[in-house]
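Structure first, commentary second.
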Amino acid sequence: MGRPRILLADDHAMVVEALRKLLDSEFEIVGTAADGQALLASAKELKPDAIVLDIGMPLMDGMDAGRQLKRMLPATKLIVVTVNENWDLAAQSLRSWASGYLLKKSAGSELVKAVWEALKGRSYVTPRIAQDLVDHFIRDPQLDHRRDLTPRQREVLQLLAEGRTLKEAAILLHVSRRTIAFHKYRIMEDFDLKTNADLVRLAIREGVVPPR
């Protein structure tokens, strides 16, 4: 039986190379992707046993990519490696599609362990995030009442948080400027946001863009 086949997804080449070096002694690295859309295409073609992915990727963020991957390849295990320490983002990922959640500052041995745990059908959460999850669940066990962004809202929020104008976002998403404006102000109303800076903070919290 061959080694488990792993696909890596991160928009930073140095990170991808570091992940490769950590994993290639025990796993077969079958490919890499630098954005969410490329990840979906590669995963569909390669059908890996596991995918190690970042949350904050261009074109399509890791949350949307993760949800689509789970539907497209339900047997493939998805392990997040990110700089985002937001426990709520971790909870969303683990509840919906991820088998593991680690930080980029986690020890390399944690990633190897997380991939093996995922392949065995178990979950792995880095201790720092795991403790936050426990602490927040104890204080508020009804975590599912939070409001979620729709896939289209996530796309709009990502582009706006990256500094795109309404017109630029409309061109990239092939919709009208009015449609982008509608989504922007609906997001601001739903999440009680007042300024564009609040939009950026929401985007970071939701893992749509990486922390600055």
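Just the residues that are without any contact (Cβ under 8 Å) to a residue 40 or more places away in the chain and over 18 Å from residue 14 (Cα atoms), please, taken from region 76-92.
Within region 76-92, just 76 meets the criteria.
Restricting to region 120-163, and then to whatever is small (Gly, Ala, Ser) and surrounded by 12 or more Cβ atoms within 10 Å (Cβ to Cβ), can you tell me which residue is modelled with the lowest pLDDT? Please lay out each step first, then the result.
From region 120-163, those small (Gly, Ala, Ser) are 121, 123, 130, 161, 163; that's our starting set.
Filter again for surrounded by 12 or more Cβ atoms within 10 Å (Cβ to Cβ), leaving 123, 130, 161.
Details: 123: 90, 130: 81, 161: 89.
Of everything passing the filter in region 120-163, 130 is modelled with the lowest pLDDT.
So which residues in region 182-199 are under 14 Å from residue 154 (Cβ atoms) and either assigned by TED's automatic domain parsing to the domain that holds residue 62 or in a helix (DSSP H, G or I) (or both), if there are any at all?
Within region 182-199, 183, 184, 186, 187, 190, 199 meet the criteria.
Specify which of the listed residues (70, 21) is within 14 Å of the chain's Cα centre (by Cα) and surrounded by fewer than 22 Cβ atoms within 10 Å (Cβ to Cβ).
Working: 21 fails: within 14 Å of the chain's Cα centre (by Cα).
Going through 70, 21 in turn, just one is within 14 Å of the chain's Cα centre (by Cα) and surrounded by fewer than 22 Cβ atoms within 10 Å (Cβ to Cβ): 70.
A quick yes/no check of all residues on (1) of a type in the set (Asp, Glu); (2) under 23 Å from residue 162 (Cα atoms); (3) at pLDDT 95 or above:
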site: 27; (1), (2), (3): no, no, yes
site: 37; (1), (2), (3): no, yes, no
site: 78; (1), (2), (3): no, no, yes
site: 84; (1), (2), (3): no, yes, no
site: 88; (1), (2), (3): yes, yes, no
site: 107; (1), (2), (3): no, no, no
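Can you find, within region 1-18, the residue that is surrounded by the most Cβ atoms within 10 Å (Cβ to Cβ) among those that are of a type in the set (Asp, Glu) and outside any helix (DSSP H, G or I)? Working first, answer last.
Step one: filter region 1-18 for residues of a type in the set (Asp, Glu), giving 10-11, 17.
From the residues that got through so far, the ones that are outside any helix (DSSP H, G or I) too are 10-11.
Values: 10: 26, 11: 17.
If we take residues in region 1-18 being of a type in the set (Asp, Glu) and outside any helix (DSSP H, G or I), then 10 is surrounded by the most Cβ atoms within 10 Å (Cβ to Cβ).
Considering 26, 45, 85, which residue is assigned to a helix (DSSP H, G or I) and surrounded by fewer than 22 Cβ atoms within 10 Å (Cβ to Cβ)? Step through it out loud before you land on a result.
Values: 26 fails: assigned to a helix (DSSP H, G or I); 85 fails: assigned to a helix (DSSP H, G or I).
Exactly one of 26, 45, 85 is assigned to a helix (DSSP H, G or I) and surrounded by fewer than 22 Cβ atoms within 10 Å (Cβ to Cβ), namely 45.
So residue 46 passes all but one of these: (1) in contact with a Gly (Cβ under 7 Å, 6 or more places away or on another chain); (2) under 18 Å from residue 125 (Cα atoms); (3) of a type in the set (A, V, I, L, M). Which condition number does it fail?
(2)
Here's the yes/no breakdown for (1) at positive phi; (2) in contact with a Pro (Cβ under 7 Å, 6 or more places away or on another chain); (3) not hydrophobic (A, V, I, L, M, F, W, C):
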| position | (1), (2), (3) |
| --- | --- |
| 162 | no, no, yes |
| 168 | no, no, yes |
| 174 | yes, no, yes |
| 177 | no, no, yes |
| 187 | no, no, no |
| 195 | no, no, yes |
| 198 | no, no, yes |
| 201 | no, no, yes |
| 204 | no, yes, no |
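Kindly establish whether residue 93 is surrounded by 18 or more Cβ atoms within 10 Å (Cβ to Cβ), of a type in the set (Ser, Thr, Tyr) and in contact with a helix residue (DSSP H, G or I) (Cβ under 6 Å, 6 or more places away or on another chain).
Working: surrounded by 18 or more Cβ atoms within 10 Å (Cβ to Cβ): yes; of a type in the set (Ser, Thr, Tyr): yes; in contact with a helix residue (DSSP H, G or I) (Cβ under 6 Å, 6 or more places away or on another chain): no.
Against the criterion (surrounded by 18 or more Cβ atoms within 10 Å (Cβ to Cβ), of a type in the set (Ser, Thr, Tyr) and in contact with a helix residue (DSSP H, G or I) (Cβ under 6 Å, 6 or more places away or on another chain)), residue 93 does not qualify.
List the pairs whose first member sits in region 107-118 and is surrounded by 15 or more Cβ atoms within 10 Å (Cβ to Cβ), whose second member is among the polar types (S, T, N, Q), and whose Cβ atoms are under 7 Å apart, counting only residues at least 6 apart or on separate chains?
So the pair list comes out as 110/126; 117/123; 118/99.
Name every residue in region 169-192 that is basic (Lys, Arg) and free of Cβ contacts under 8 Å to residues at least 12 places away in the same chain, in order of residue number.
Keep residues of region 169-192 that are basic (Lys, Arg), which gives 177-178, 184, 186.
Correct list: 177, 178.
The values are calculated or read from the model by the stated rules, or taken from the named source; none is laboratory data. Given the structure is predicted, the values throughout are model-derived calculations rather than measurements. Note: ideal-geometry Cβ built from the backbone for every residue, glycine included; neighbour counts use all protein chains shown.
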